[in-house]
Structure formats: structure tokens, C-alpha cells
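The values are calculated or read from the model by the stated rules, or taken from the named source; none is laboratory data. All figures in this text were calculated on a predicted structure; none of them were measured in a lab. Virtual Cβ from ideal backbone geometry, glycine too; neighbours counted across all protein chains shown.
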Number of protein chains: 4
Amino acid sequence: MPNKRKVAILGATGAVGQRYIQLLQGHPWFEISVLAASEKSAGKKYKDAATWLMETELPKEIAEMPVANIDVKSCEQAGDFDLVFTSLPGDLAGPTENEFGALYPVFSKASAHRMDKDVPLIIPEINPDHIELIKVQQKQRGWKGFITTDPNCSTIGLAITLAPLMQFGIKQVMVTTMQALSGAGYPGVASLDIIDNVVPFISGEEDKMETEAQKILGKFDGKAIKHADFQASASCNRVNVKDGHLESVFVKLDKEPSIDEVEAAFTKFKGEPQKLKLPSAPAQPIIVRHEKNRPQPRYDRDAGRGQSVVVGRLRKDPIMTLKYMCLSHNTVRGAAGGGILSAELYVAKGLA
Amino acid sequence: MPNKRKVAILGATGAVGQRYIQLLQGHPWFEISVLAASEKSAGKKYKDAATWLMETELPKEIAEMPVANIDVKSCEQAGDFDLVFTSLPGDLAGPTENEFGALYPVFSKASAHRMDKDVPLIIPEINPDHIELIKVQQKQRGWKGFITTDPNCSTIGLAITLAPLMQFGIKQVMVTTMQALSGAGYPGVASLDIIDNVVPFISGEEDKMETEAQKILGKFDGKAIKHADFQASASCNRVNVKDGHLESVFVKLDKEPSIDEVEAAFTKFKGEPQKLKLPSAPAQPIIVRHEKNRPQPRYDRDAGRGQSVVVGRLRKDPIMTLKYMCLSHNTVRGAAGGGILSAELYVAKGLA
Amino acid sequence: MPNKRKVAILGATGAVGQRYIQLLQGHPWFEISVLAASEKSAGKKYKDAATWLMETELPKEIAEMPVANIDVKSCEQAGDFDLVFTSLPGDLAGPTENEFGALYPVFSKASAHRMDKDVPLIIPEINPDHIELIKVQQKQRGWKGFITTDPNCSTIGLAITLAPLMQFGIKQVMVTTMQALSGAGYPGVASLDIIDNVVPFISGEEDKMETEAQKILGKFDGKAIKHADFQASASCNRVNVKDGHLESVFVKLDKEPSIDEVEAAFTKFKGEPQKLKLPSAPAQPIIVRHEKNRPQPRYDRDAGRGQSVVVGRLRKDPIMTLKYMCLSHNTVRGAAGGGILSAELYVAKGLA
Amino acid sequence: MPNKRKVAILGATGAVGQRYIQLLQGHPWFEISVLAASEKSAGKKYKDAATWLMETELPKEIAEMPVANIDVKSCEQAGDFDLVFTSLPGDLAGPTENEFGALYPVFSKASAHRMDKDVPLIIPEINPDHIELIKVQQKQRGWKGFITTDPNCSTIGLAITLAPLMQFGIKQVMVTTMQALSGAGYPGVASLDIIDNVVPFISGEEDKMETEAQKILGKFDGKAIKHADFQASASCNRVNVKDGHLESVFVKLDKEPSIDEVEAAFTKFKGEPQKLKLPSAPAQPIIVRHEKNRPQPRYDRDAGRGQSVVVGRLRKDPIMTLKYMCLSHNTVRGAAGGGILSAELYVAKGLA
């Protein structure tokens, strides 16, 4: 077990920031040292700055912590920290993460730097070798710290299921999502917009889903990442579900594996987090269910403490090769849980 | 205007039967004469046999009508009728519709006979010429009456949008549905199954969606229907919405029409119901919306009094040719409203 | 029929403002002349300033109307108007309504002036004589116009059911509400706050419910209103319902009328709007239902085009005298519909 | 720690039966030995007989257990057992519990025997001494076993909050409930009945709420229970919430305690389960929250592992003495959790 790292959370009052706080309670490697949020929160106690949305209680010591402003100076005044988790709105994320990244390891949930050539986009089970890209980044930018990113919440579940299919040669991926309310943050989706309704649009989401997986599943040659060359098309919807993004996936493969072979590939899929027994690693990154009507958000989102992706309805497709449903917890694996797992990987590899 | 036809409704106490009753109030061509339902309802007054689910009031004269048993003799004793609307459960529909079809025009919402070679599967705007198939049917079966069918509720919205795309050569259609609760009848989906949830399975639905549209869009040569030869793949989900099936559609075409050309094709699409000014025909079978987040079930299901299909998010697809969302009211156009429109067509053409 | 009045709507882009626009379409006495909203909307076309929330389409001519700023000068520049409907946030309502009230008849949905001694608080069926109080108001304030107010949305349904009980001597009223999402405006209640949940608090609501009904049911002696002297206690909750406030009411009376007598009192209750056949008056202000499980928001909110209050489960109470459930549409009778009915009364009486 | 008791669950496939199975996993005193259900389930493996509704996985060893018929002989053939938990439908519960009660300790969630004079109605924190009534029962009936009952799910939360108020002299209690879907079992409430809706009626519920608390809070003199003599009135509603009954309570007391005194009474309230450290006892039977908008079902139902009652919005009432909201988990404390706690009390006291 490494020495405990002190952690700063930027965007600590938001929905993802709160999930970071919740998941870091009792974490063996990390302890929360600094909470930072926007100016209107800064200077307050955390309990007065945040509307706590987690179903577990706000931890007492967190409640009393002061909230720092989101800049290096304010955070350093608030306390020592070794690494930074960010969950910032798009426009703020870019420059802020650059400021912190120059000095500290920054684990980012924002999209701002995901597609930057020298920034890793990490799912620890899939592309743990991509973390070495930060050395290129540090050299190029002359930084002591670095920025590493996690994919978009709707990409993560999809990409984890694509990883074991790479052996069969992925040519095309088509996906229609049914995404949870918590993906839009808080207050996020107005109740009047979603009661007895579906909203067939999520700003920017389809672009992310059509490009991120190819980077994650790409090859790192020590200098740069060569993106995987399959095509992807997405259609993204918001449904009246609290947590858990459900996705209807159609995949065209080069080969024609049997359903049993595909299922075996899903079930056997493990990666560095499992080998290294990282604290937040699920035993099974992918769980395949055989009931005819699963996965379902309410029943399956907490599988593997929210870190597993649950696959069901795996079947041959008459047009593509396969179709299946996959589900992942969008604020655990799809956000804070994924960020923590990523940080654990960097620590275990001696890079943070 | 033709003479008023007397109508029997088989399955009158169910959710679709109720919608028939509601939509036939004040209908210029049809009047309800006989209501029939299963044995446990038969013999009761309608108001005592049915749990009225429509938001409009149960009409007083319907409330007091006796419910007949679902057989020809009981219905004939209950009153005269010229034609029959059925909304029966699968196993009952097959033989019952045969019994009535031998003597009366039967407009069926059940799947039992949809794919029978001598039974038309009608969407009045698309294949009005297919109704001539009943002459083949009557001759072969030696029947005075006939059976004609409407497609599955999730097929209807899709097929109506495919009709104007036929000119561009449809090769493949992939669709993921988000279907409303009312599609499962009453009591149907348990509230505990759908609160904070999506159910990614609807029994038999995908098969229907993958085969029915080809028959509807097929050619009738006077003897038989040659199915259209495109491939279809469906993935069907139940979401927490009262009415309105929303579908995420991806289509591969032979040609590469511009988005403007496709939109024009959608908007111009009209058929016999519009030409004949059938009482239940919507002015526009397809309405294209340009807002980035439409169609939405709650806002768009009542377009054209529930008889229009609303299309939105029409865009180029990176893998197929097009993608778009479409929405139709599953118990109006997708059930009773479609059945009534179909009956209007037969009456206008002198076939019922 | 009076000459058509030109109407300005202040707060036209909000949820209640939109309901005013919707309900005034085709109104025989009123036509919309000016739409005003806050600075960030002013200067835009209405369609660009508002997120249209009604299930009916935004009327085309409204869509293109410019939005004026909420002050007399801007509104007068935008067009002529004879009277003003307001649905403004609390802090803005007070001074703005004073500015307009000095010159124009102002029909207010805000709470700011409801309890002012010289301002009527009107439910047209209950206290039509209170409108004469504006003469006192105009004299005291030296105004050409006036301010008249409608009660809080949760008070209206309750007060309408209390009116016919006054003959039995009301001593105490206890009420627990289950209020709809639309009562909080838009965006209003966050979906994450209400999915699989109830929020047992609505800011300021209980105070209003505990005091307004006594003013409405009070006596006007030509100079002032003497409030009715019963006590009221309220407990207000937000539930996951789009429209329709449902209330569980317990009433203690001086007399002990039979349930039949109470029901007769409810059913017979009519007022000036019915006598004068005001355009927005429901035939029955109170509809009593006998089913064991009604009223229900989704089924009963549109009774009397949303202007009737639906009562059910009327029964003796073991502690108080009576208990019953009542339901009213919070954005029709409880807001815009009530405001329009009130304006119709003033016009019919020659006061506006 | 007593010897482990072997347990039979009657009605094991229903929603409450499943909660028993879930809560008894790893229980230190009880182990499941026999699962029984109605004839259509009997003879099957549990996994084939039940639609598992818990969000935790169906335990593997339970999945493979055979389901016995609900009679003593079938259950005895299926395995040894020392005591019986029942969650049976009303009509079946009466005779079945008599059959088992003659031979075994029966812990019943049904209403059939709750008000029988010689049957205890137990909330372990409130009336642990009432369990001695089974000696009267056994003597009168000549039974080796006994029947003891738990209150109705909506009574439990209320009664627990009334217990510490008894010291101030309770005169009257008025309550309006907002009850969860799971209270109606499975399939229970149809989704079409509750989407965008509230159902203001639950069969039999108000009668139970108006009579049970007086028995629970009554005095046992060694022979019989003298019911507490306050009056109660209830109005019961079903809302769109999965778990957690929320209640709006108004109480009239003899004394006029300050809010601080009442809060202190709630907070200090503890009973035998806490003293005896029963395995399922919550540390705090009543938790008082100070936020203005709590308790809320989704946030507070799991307090004390679902065994605590959460009180909020405690305030003076202008008519009665106090008003407050209380919330309890209807299938944990209000059903299986309460039943297990009750059984633990009997075991700890040497009566089972």
C-alpha cells in the first residue's frame, strides 16, 4: 500500500464532486484535503455551500471543511495536496486544469482536454499503457504535474464492452442511449421536462460517443496514440431514471464469433486494475446477465459497487454482427468512481 | 358520406377497446352497437365490467350498455352490427377473428393474422391498394366477411416514416425503441418495475418490427404481396412514459439524398386518407420538427389528434445514410385510431 | 358581450404567463396586445425569449410578438392595452403592480398585495361583491387603475369547497396538500429532487393557506373586509405530478349536516360567474365524485376545462366533522384561468 | 447469543417474503429453513417461483430451495423449523396462521388477527411487555405455539412517534399519508394508475390506522390490553415513490410541551431492543432532522438500516398542539424488518 495521498477536489459542490467525496470516505490510499468550488461557494463551510444529494449522510468532517476558490493559490492556502480530481463545467475546465496540471497530477472528468494529443484518455482496464503519454506531455509542456482524463459517462460503459470485442475486429458501432438524470448534474433536468417524457437530445453527447472510444481503444507507440479505426454513430436520449446509463448497442465485426464466444470474451475480460487489485477495481469489469429483460438501471447500476458494466440481451444482429444492451453507473464508473480508479492506477504505477 | 355503420368492438374493456370507444364518440360514419369482452365481463353493464382509463369521461350511454361474450352468437343477440373492431389477446385473437371474419369485416389489432398471406396489413397512407387482397382472401376462404389487420404499434410510426424514403431505396433499417406503458395494456407494467427504471425487453416486439414493415411497404400484384426486401433490426425498451412510442432510427439508403430532400419527402408525404378526406385522417401524416430536442412523447403524441407521426433530429449518419427520431401515439395511430382510419378507407372504397 | 379588451401580460415567458397566452387564444372578450418579461427577455421575439411548455403549440402570431420590458413605459410603447395580467416573482411583483395599478386594472397572481386591506382577493364564485373594494382602493390611493388579486393556487381549491360549508358554520380547517410540479414554475423543481420522492415543504405555502381563505370568505361592508373567523392549519408537500393540486381536508363545523346535505351543498354551489355566464366559468364550480378512489390529478384536473374543483371521498370524520379530498388544476383555476375569470367578472360588472 | 433458530417463511415469493429473505441473510440468530407459497409456486425451485424484486441479488442457496405449500404438513416435510414468519394475503392469513400457531410461534404481518383480544400487536420499542399476552393466548387456545402480530405498515411509523408523546397526554391524532408503491405488493399498483398521478385511496388502510395505535400504546394488565383512549383519523394516499411511507401528522396533547421538549422526547426515545442490543435494533428508533424539507422518502427511508423513523418539520399547530412529518421504510421497519425485530424480542425474552 502506498503512502496516503492528499487530494484536492475541484468542483466539490457539484453532483460529481459529491460522489467523489462519498466514494473517498475510508479510501485506503487517498484522503480529502482540499475542497474547492466556484466563487459563490468559496469561503463558506462545505455544508453551507452544497446541496448534498447523496443518499448517504454528508460526512461530519467534510461538512465543516471550508471551501476554497478554484485556483492554485487558494487551494494551496487551504491545505497540502498531492493530486487533484476535477469535475468542472466545460468552459472553466480548460484553463483551470492547465493551471493545476503544470504543478500537480490532475484527474479530469471534463471534456476540455480529452482529445488533446498529449493527454491520456484512460479506462484502466483497457489502456493502462496510455498513462505513459503523460511523460510526453510533461516534456512538451515543461510541467511538473500532468493532466489525465476520463471519458464521457456514456462512452465508458460502451468502451468497456468494446474492448473484448477488439479481438474480433470492430468495424462499426451504432448506439442509442437512455441516460440517467444525474448525468446532467444538479439542478440539471427540470422535472417538468421529464415527467411522462423522454428528451431525445443531450448537448454534445453524440460527438463524444462517436470519437472517444477510438482513442481509448487506440495504440500507444511511446509517442502518440493511434486511434482505432472503426466508425461509430450515436443517438442520445435522457430518460426518467435517477442513475445508470442504459445503451442499445449494435456492432459490426470482421469475424463472426458465436454468441458463446462473445459472452466468454466479455466474462473473461480483466485488466490491470484486477491484476493489481486496485482498491476500487470491480472483480468483474463486465457482468453478463441471462435474464431476458436485463440489465435494468435500478437493479444493475450498483453491480460491482457501481464499477461493473452489466451486459444483457446479447444476440446476433440481422444487419450488423451483434446487438446487446449495456448499463453502467454514470456517476460511479462513469464519473467519480472511474476517476478514482484511474488515480489508483497512476499511483500503483508510480506516476502519481 | 356513407350510411352510418354499426360497429361491434371485441375486447371492449381493455385499454385499446376503451380507446376505440373514446375515438368513436361522435364519429360521422360509425356508431357503437355491440361491446364484447371475456367471460368474466360478459353479462355485466360496461361500467361495471371495465376500469375506465381514459382521461375523458366514460360516455353515459356506453356505461349502461351490456357486455356480450366474444362469439358471433352472443354479439348478434346483443345487437346488429356491420363491422367489427378487435383488440384481443394473442391466443384468443386467432380463432375468434376467423369466426367473425367468415361473416363480417374484421379490423384487427392483433398479431395473429398479420403475416397470413391472404390478409392485408394496412397503413392507409402507405398501401391502400393492399385492401384488394381481401377479395383473394374471401375467394380462397369462401367468406362473406374478411380479416384485415393493422401493424404492431411500434411498427406503425416507423413504417410511416419509411414510406417516403422508399424512393431513395431502403437497404437497411436499425431501430431502438422507447415505448410507452399503455402499449402493455392494463394493468400491464407494474409500477414497481418501471419507477426509476427502463425495461429493455418487450415480448415478441422485435420480431414484429423486423418483419412487418416489409409487408406493408411491399407490392400487391392483384394476387399476393411481394415484401419489400430491406433488412431491419430492432431493440425494444419500455420507458416510464404514459403514451407515445419514441424511436431512434438509422436507415441505409441506395441513394444519398440531402437532408433537405429527405425532409421534403417527409413533409410532402400524403396518401389516400388525405385525398379522400377520411374523417380520422391527419392533415399531415408526418410532421417534421426542427427544434434540437424534439419529438418528445408528452409534447408530440397528440399531433394531428394523435394520428400524425412526428419526426425530429433528422441528420446524416456516419455509418448508415440517415438517422432521426420518430414518435407516434401508440394507442391512437398505433392502435384504435389506426384501426378506425383503416375502416374508413374500406368504407370509402366500398369494401365494408 | 362587451367590447374586446386589449390585454398586457407581465411575466409572459413564465409558466403561468404561458398559460395566460394559451387560455386567451380565441377568448371572446380579451385579446393579447403586449407581452412583457424580465430584462434578459425584453427586446427578443417571444419565441426566442420563452421555452414554451404548453402541450398545445405556441400560436404563430404570439411567437413573433416582441417582448417588452416590465415597466409602464416599455409596455405602452409596445402597444395599447386596457388591462394587465401579472404573474411575477414575489420581489418584483410588489412595486411593479403598484406602478401599473396606478393607471390600469391589474389582475395579479402574486402574493405581494393579497393581504393589503384595500385590495380584493377574489374567487368569482365566492366573493364577487368584494370587487367593490377597488373603489375604496382607488379613492385612498388616488389611482385611475387598481390592483385585484387571486389567491394562492393551493388556497383556491380549498376555499371553493369551503364556501358552501360556510352555512354550516366552519370552525376549523386542517389540510395536507400534495401539490403538482408546475406550481413551482419552470425550471422549478429539479428532477433529481422528485424522482422516487416527495418533498414535504413548499416555501411560504402554509402561511398563505392558513390566512387567505378567511379573507376570501369574509364579509365586505362597503369599506373593508372582515375576515371569516375560522382557524386553519396546513401541511404542504410537492409530489411527482405535473398538474393538479390534491388536498386532504378535515373540517370542523358548528352544525352536524349529513353527508347527503354536504354533498348537496357542494353540488348546488354556483355563483355570479355561472349566473352571468362568464366565458371561462365552469358549469359546475364543484363536481362531487362517488368512486372510492377519486379525485386523481391525471383524471380530474381538466374537469370543467380546468376550472372546476373535484371533490371525492366525502365522509364523516371521527375527530372533526367532515373529511374529503379536493383537487383543482393549479395553473388553470389556480392561476391563469382564475385570473381570467376574475377579469371577466370585473368587465361584466363594468369595473374594468 | 441464543442458539440459531430455523425459520419458515410463509408467502415467501411475495414482496414482503422477499424482504424477509434479504434481511435474514447472515442473521446471527435466524436461518431460513423452509420457504412456502401458494399452490402455483409450490413444488418449484424458489428462483422459478418468484420474480425477485430486491435490488440485491437473490442469494444462490435460496434460489435453489424448493417451495413448499402453505400448510403445516408440507412445511414440515420440507424441513425443520422453530418459528414462522408470515406475509400472506388477508383471506388466507386467518386460518393458515391458526393452523401454524397451534404448533409454532407465528410472527404475522397480516391484519387477520391483529385486533384479536388475546393476540399481541407488537412494536418492540413500545410495548415489549405485551408479548406476555401469548401466555393468555396459549392457555385459552390450548396451543403449543402462538400468534403475534405486527401493525400495518402505515401505523408503525406513526405509532413510534406517538409513543414518546404519550407522556404529554395524547388526545387526538390526525394523519394524511403518502404511501409507497411497495406497500401494495407485486405486481400491485399498475404503472398506468400512478404515472403523473396520486391515488387517494388504499383499501382498509384508514380503519387500521385509526384503531391499531391505541392497542399498541395500551396497557397490558397481565390478562388483557386496555387500549389507549385517544381518537385518530386518517386519510391515506398512494404516491409515486418506491419505498417509504411519508405521513403528515397533527396531534392534540393534554399538555403544551415546547418544541424543544418534544424533540428531546423523540430523540431520547429508546426501548427494549436498544437495551437488549437486538441484532436488528436501530441505535435511534426516532431520528429528528432539522432541515426545512426533510424527511424525504428517497433520502431518509434507509436511516438506521430502514429500522428508524425519521421525523422532521416539527412545529406548533394553530389548531391541534403539534404538527410534523414522519417517514418509515414500509417494507423494512413496516414489514419484514419489524417482524424480525419482534422475533428477536421474543427470543431474547425466552418466549420463542
Practice task
Might you let me know whether the range B:136-146 holds any residue that is touching a Ser or Thr at 6+ places or on another chain (Cβ under 9 Å) and away from chain D (no Cβ under 14 Å)?
Solution key: yes
Practice task
Could you list, in sequence order, all residues of the range C:147-180 that are in a strand (DSSP E or B) and away from every other protein chain (no Cβ under 14 Å)?
Solution key: C:I147, C:T148, C:T149
Problem - Count of residues meeting criterion [within 12 Å of chain B (Cβ to nearest Cβ), of a type in the set (A, V, I, L, M) and more than 30 Å from D:R298 (Cα to Cα)] in the range A:196-252 - result: 5
Handout entry: Lone unmet requirement of (1) under 30 Å from D:A348 (Cβ atoms); (2) surrounded by fewer than 23 Cβ atoms within 10 Å (Cβ to Cβ); (3) within 11 Å of chain C (Cβ to nearest Cβ) for D:Q274
Key = (3)
Problem - Residue that is surrounded by the fewest Cβ atoms within 10 Å (Cβ to Cβ) [pool: residues in the range B:123-150 that are within 17 Å of the chain's Cα centre (by Cα) and under 17 Å from B:Y104 (Cβ atoms)] - result: B:I131
Practice task
Quick one: which helices (runs of 4 or more DSSP H) lie wholly within the range D:271-349 and hold at least 3 residues that are in the same structural domain as D:A12 (by TED's automatic domain parsing) and not hydroxyl-bearing (S, T, Y)?
Solution key: D:337-348
Practice task
Consider A:K292 carefully, then state whether it is without any contact (Cβ under 8 Å) to a residue 40 or more places away in the chain and either within 27 Å of B:T321 (Cβ to Cβ) or basic (K, R) (or both).
Solution key: yes
Problem - Count of residues meeting criterion [at negative phi, over 18 Å from the mean Cα position of the chain (by Cα) and at pLDDT below 95] in the range D:14-47 - result: 5
Handout entry: Positions within the range D:289-315 being under 23 Å from D:P257 (Cα atoms) and more than 10 Å from chain C (Cβ to nearest Cβ), in sequence order
Key = D:R289, D:H290, D:V309, D:V310, D:V311, D:L314
Exercise for the section: Tell me which residues, restricted to the range A:221-254, are within 22 Å of B:K252 (Cβ to Cβ) and assigned to a loop (DSSP other than H, G, I, E, B). Expected result: A:D229, A:F230, A:D254
Exercise for the section: Quickly run through the range A:302-345 and pick out the residues that are over 28 Å from A:G17 (Cα atoms) and either buried (at least 23 other Cβ atoms within 10 Å of the Cβ) or touching a Pro at 6+ places or on another chain (Cβ under 9 Å) (or both). Expected result: A:G312, A:R313, A:T321, A:L322, A:K323, A:Y324, A:M325
Problem - Within the range C:165-182, considering residues that are of a type in the set (S, T, N, Q) and either buried (at least 24 other Cβ atoms within 10 Å of the Cβ) or under 19 Å from the mean Cα position of the chain (by Cα) (or both), the one farthest from A:D193 (Cα to Cα) - result: C:T176
Exercise for the section: Only residues that are of a type in the set (S, T, N, Q) and touching a strand residue (DSSP E or B) at 6+ places or on another chain (Cβ under 6 Å): list them for the range B:323-352, please. Expected result: B:S328, B:N330, B:S342
Handout entry: Meets criteria (within 21 Å of B:I123 (Cα to Cα), among the hydrophobic types (A, V, I, L, M, F, W, C) and surrounded by 22 or more Cβ atoms within 10 Å (Cβ to Cβ)) for B:F230
Key = no
Practice task
Kindly list, by first and then second residue, each pair from a residue in the range C:222-238 that is among the aromatic types (F, W, Y) to a residue that is part of a strand (DSSP E or B), limited to pairs with Cβ atoms under 8 Å and residues at least 6 apart or on different chains.
Solution key: C:F230/C:I170; C:F230/C:K171; C:F230/C:Q172; C:F230/C:V173
Exercise for the section: Would you list the helices (runs of 4 or more DSSP H) that sit entirely within the range B:1-101 and hold 1 or more residues that are in contact with a strand residue (DSSP E or B) (Cβ under 8 Å, 6 or more places away or on another chain) and either surrounded by fewer than 17 Cβ atoms within 10 Å (Cβ to Cβ) or charged (D, E, K, R) (or both)? Expected result: B:60-63, B:72-78, B:90-101
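Residue by residue, here is whether (1) more than 19 Å from D:V311 (Cβ to Cβ); (2) within 19 Å of the chain's Cα centre (by Cα); (3) of a type outside the set (A, V, I, L, M); (4) not assigned by TED's automatic domain parsing to the domain that holds D:Y324 holds:
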residue	(1), (2), (3), (4)
D:M209	no, yes, no, no
D:I216	no, yes, no, no
D:F220	yes, no, yes, no
D:A224	yes, no, no, no
D:P257	no, no, yes, no
D:V262	no, no, no, no
Practice task
Could you grab me the full set of residues in the range C:93-117 that are touching a residue at least 60 places away in the same chain (Cβ under 8 Å), farther than 20 Å from C:E344 by Cα and of a type outside the set (G, A, S)?
Solution key: C:T96, C:M115, C:K117
